[in-house]
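What follows is one structure encoded as structure tokens, with my remarks underneath.
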Amino acid sequence: MLDVRNLQKTYTGRNRNVEALRNLTFHIDAGELVCLVGPSGCGKTTLLKCMAGLLTPTRGEVMLDGRPVSGPPPGMAVVFQEYGRSLFAWMNVRDNVALPLRRKKLGKARERELVEHALEVVGLADAHHAHPWQLSGGMQQRVAIARAVAFEPKVLLMDEPFAAVDAQTRAELEDLIRRLWHELGVTVLFVTHDIDEAVYLGQRTIILSASPTVVQEDLTIDLPDERDQLHTRSSTRFAELRSHVYEQIQRAKHHNGDTERTGTADPSDDLALQNSEP
Ligand SMILES: Nc1ncnc2c1ncn2[C@@H]1O[C@H](COP(=O)(O)OP(=O)(O)OP(=O)(O)O)[C@@H](O)[C@H]1O
Ligand SMILES: [Mg+2]
């Protein structure tokens, strides 16, 4: 369904060029849930923006259902990393969630039904009339997720959507994503800094190298489809996969399209990797 082919992106500025993506090729089948991890600054957001038709790649292409993406595709929803900026301060929660539905012209009753359901599943059934600035960071993030859910997309791209929520809510939202994925049959690409999350959530984990960025590994997550926070996370296989991803990310920080160095990383790098999001 989603085909990323030899994707390259170099930002050109007046004084310097930044090669964000060197050469990425991967494929996501319809209905798959794929996680993507990589060091901070390796180009994950750039990749998502290219996939969503918001940035033009320097070379290569993104194909959706066999057609090249050249602008925002109609059946795609994106939850941005900078969720605060994607909500409109002057609109209440309900209107923020309903906004992308306007284009679909579904009629008032159906629109209200979708908005109410979406706010309910993210646990914000009481917040319809609040404005974003009256909500906590985690609540705002959930509004952004509700907006994507209400849209009933065929493809959902999420850029570190849980970075601003507490651990408890995060676990609930992870399970929510899996439930929605099962119920709606949506194809999901989920970017995360969190290694546990990258293993827990998906069927595959794509690990990106440091910049200039290439795909370092495309790992199958062979955990049973039935997952729950307690049992899955305490299983032996989960621990093995987690260690593997951890090691690969250590390597990723020293391995890029230019070099093939491996070595022991400074442990403080790990903290930077995991905590660099606001
Ligand atoms: N608009 C832009 N103009 C110039 N350079 C940019 C622009 N956006 C991103 N970059 C650069 O491209 C590289 C990749 O950035 P990007 O935001 O895609 O990384 P990321 O993997 O999402 O990082 P993080 O994990 O911190 O969110 C970085 O070196 C960044 O400075
Ligand atoms: Mg990013």
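Once the Cβ-Cβ distance of Asp166 and Lys108 is raised to the sixth power relative to R0 = 51 Å, the FRET efficiency obtained is 0.90.
Note on the chain: with charges restricted to the Cβ of Lys and Arg (+1) and Asp and Glu (-1), its dipole about the Cα centre is near 1280 debye. A straight chain from Glu217 to Ser243 at 0.36 nm per residue would run longer than the Cα-Cα distance by 8.0 nm. When the range 86-151 is described by a simple charge dipole with +1 on each Lys and Arg Cβ and -1 on each Asp and Glu Cβ, the residue from Leu106, His129, Gln141 located farthest towards its positive end is Leu106. Projecting the Cα positions of Leu2, Pro74, Thr169 onto the charge dipole of the chain (unit charges on Cβ atoms of Lys, Arg, Asp and Glu, taken about the Cα centre) puts Pro74 furthest along the positive direction. Mean-square fluctuations from a GNM of the chain, with a 10 angstrom spring cutoff on Cα atoms, peak among Thr192, Thr56, Thr213 at Thr56. With K and R counted +1 and D and E -1, the other residues having a Cβ less than 11 Å from that of Tyr200 yield a net charge of -1.
Binning all Cα-Cα separations of the chain at 5 Å, short to long from zero, yields these whole-percent fractions: 1, 6, 12, 16, 18, 17, 14, 9, 5, 2, 0, 0. So what is the relative contact order of the chain, in percent, for Cα pairs below 8 Å that sit 6 or more residues apart? After rounding, I find 24 percent.
The residues of the chain present an accessible area of 48 Å² per residue when probed at 1.4 Å with all protein chains retained. A dipole drawn for the chain from +1 and -1 charges on Cβ atoms has a positive end, and of Ala210, Thr187, Gly60 the residue lying farthest that way is Gly60. By the helix-only formula, in which each DSSP H run with n ≥ 4 contributes -39500 (n - 2.57) and the sum is divided by residues, the chain has a 222 nm mean residue ellipticity of -11000 deg cm²/dmol. When you restrict to C-alpha pairs under 8 Å that are six or more residues apart and normalise by the size of the range 81-203, the relative contact order lands at 28 percent. Surface composition of the range 86-151: carbon plus sulfur atoms contribute 55% of the solvent-accessible area (1.4 Å probe, protein chains only, all chains present).
The values are calculated or read from the model by the stated rules, or taken from the named source; none is laboratory data. Please read these numbers as outputs of a predicted model, since none were measured by experiment. Positions of Cβ are backbone-derived with ideal geometry, glycine not excepted, and every protein chain shown enters the neighbour counts. We work out accessible area using only protein heavy atoms, side chains counted, and drop any ligands, DNA or RNA first. Shrake-Rupley method; radii C 1.70, N 1.55, O 1.52, S 1.80 Å.
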